[in-house]
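Below is one structure; the comments refer to it alone.
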Amino acid sequence: MTVVAMNRGELSRYDTLLRVTRRELRVEDAATLLGLTRRQVGRLLLRLRAEGPEGLVSRRRGRPSNRRHSDAFRQRVIALVREHYADFGPTLATEYLAERHQITISHETLRKLMIEAGLWKDRDARRPRPYQPRYRRDCRGELIQVDGSKHWWFENRGPQCTLLVFIDDATSELMHLRMVESENTFAYMDAMTAYIEAHGKPVAIYSDKHGVFRNNTASAKGDGMTHFGRALEALNIEIICANSPQAKGRVERANGTLQDRLVKAMRLDGISTIAEANAFLPGYMARHNQRFAKAPFDPRDVHRPLAPHDDLKAEMVWREQRTVTQALTLHYNKALIILEPTQVSRPLAGKRVDVCEYPDGRLEIRHEEHVLPYRVFDKIRQVNQAAIVENKHLDAALAMAKAMQEMLPPRKRNNNEPCRRSQGAHMFPPPQPQEGAPVKRKRGRPPLPRLSPIEAAQRLLEPV
């Protein structure tokens, strides 16, 4: 007994031809039902009478397509993908094959080849989202989603760093990219300054609840705003904080795309430093937007130019207020700032002034529109009161001083000072730990033994 495998079309054709052989249907009517010509129906009838039902099975079944790529071409493509693009997706690998190797192949064909070679796996069907999606904004510049993505952007060629991403909600267009060491206030100030100079002021930015954008610790100190939030309020830009990552999903999905595509693009160009990456990002951003950006619902661009009274550089600063003493001094970050006695600074005794730290490391003392000249005395670097030591005990006193210096941990500055990893040269270098000092130590300065240098030296020289 022979088993013949037929598809639905071939079974329907077999049934219609049987009706013709039983004279239940005319040949012309069978041709109309099957969508064939009368001559083709005649050929099928001859094949049915000569070979039986097997004669109606397609002769092409089990044979490769005439449009199939040759085995040599398929092997060459898989060899290139395995050597250069083993961790690329089919769509991205297709683009680089056309750009770098002049090989044109559809991403679906490449996907099947990569699956056969074990270089790609199909994703399972995604579960439906547990929330309703939000529609895009209408105009470009109406809402800019902002986020920092910490990742191994240079893989094993460089340190782990953070990419600041600005993406337009209406168009999914990358508006600004900046590679920085960490996500901090000065880094966002630098990036926001470059964004406004390039595009203008957006209506609002949409971010997470990072401490740069929102004061997450409720307290009665100050106005409750962050330094970055105060700067944007002065420029009339609104900050909106999302309650979940899904709420700002557009920038989150962009981060995932960049962590795949940008990492590989920088690998192919041999980029391994933050400076090289920031020089590479504008060109990559143009290519990315050409590929993924959408047209806005409303063609208007609602970015606003800077107003005549807006001073962008003066607003993008870390600003704190201090009271000037009667000696025309003020304290900031464990440093004593001495104002030069001028006509503007002399009447300021007992009044409040602004201490402004810029992202580039500059420090200014401002009162209204005046910048006050000053000099700094760093209290951490001050010298202790000199001790009176006789000449014959000088060696022992030096030994004791060295031992005491090694025991002291480095002094810390204020806990609420800004993160300075994105600043240039500044006047508040971090304390350097001593070699052999414990990593974890108690807070505060340990009490020192109240011994004279001679007594301390004698105690050190005593045999154990």
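Coupling constants for the range 236-246 follow from the phi torsions by the Karplus curve (6.51 cos²θ - 1.76 cosθ + 1.60, θ = phi - 60°), and in residue order they are 6, 10, 7, 10, 10, 9, 7, 8, 8, x, 5 Hz; glycine and proline get x. Across the range 328-335, computed HN-Hα scalar couplings (Karplus, 6.51 cos²θ - 1.76 cosθ + 1.60, θ = phi - 60°) run 6, 10, 8, 10, 8, 6, 6, 10 Hz from first to last residue, x flagging Gly and Pro. Peptides 334-341, 5-12 ranked from most to least packed give 334-341, 5-12, packing being the mean of other C-beta atoms within 10 angstrom over each peptide's residues. Dimensions of the range 1-102 based on its C-alpha atoms, expressed as ranges along the principal axes with the largest first, amount to 65, 33, 20 Å. Full extension of the chain segment joining V27 with F292 gains 89.9 nm, where the gain is 0.36 nm per residue of separation less the Cα-Cα distance. Taken per residue, the accessible surface of the range 236-313 reaches 57 Å², heavy atoms only and a 1.4 Å probe. How would you classify the range 93-220 from its alpha-carbon gyration tensor, with a ≥ b ≥ c the square roots of the eigenvalues: rounded for a/c under 1.5, else prolate if a/b is greater than b/c, otherwise oblate? It is prolate, given that a/c is not under 1.5 and a/b is the larger ratio.
For the peptides 369-378, 13-22, the ranking by packing is 13-22, 369-378, with the highest mean count of neighbouring Cβ atoms within 10 Å listed first. Assuming a ≥ b ≥ c are the square roots of the Cα gyration tensor eigenvalues, decide whether the range 265-364 counts as rounded (a/c under 1.5), prolate (otherwise, with a/b larger than b/c) or oblate. Oblate is the answer for the range 265-364, as a/c is 1.5 or above yet b/c matches or exceeds a/b.
Could you list log10 I(q)/I(0) for the range 135-183 at q = 0.19, 0.33 Å⁻¹, which the Debye formula gives when each Cα is one point scatterer? Each listed q corresponds, in turn, to -0.63, -1.13. Take the Cα of V4, step 7 Å toward its Cβ, do the same at C241, and the gap between the two points is 7.5 nm. Over all Cα atoms in the range 175-311, the spread is summed up by Rg and Dmax: 16.7, 52 Å. Protection proxy ranking for 47-56, 262-271, using the average of other Cβ atoms within 10 Å per residue and placing the highest first: 262-271, 47-56.
The values are calculated or read from the model by the stated rules, or taken from the named source; none is laboratory data. The model shown is predicted, which means the values in this text are computed figures rather than measured ones. Note that we place each Cβ from the backbone using ideal geometry, even for glycine, and neighbour counts take in every protein chain shown. The accessibility values were calculated without ligands, DNA or RNA, using every heavy atom of the protein model including side chains. Shrake-Rupley method; radii C 1.70, N 1.55, O 1.52, S 1.80 Å.
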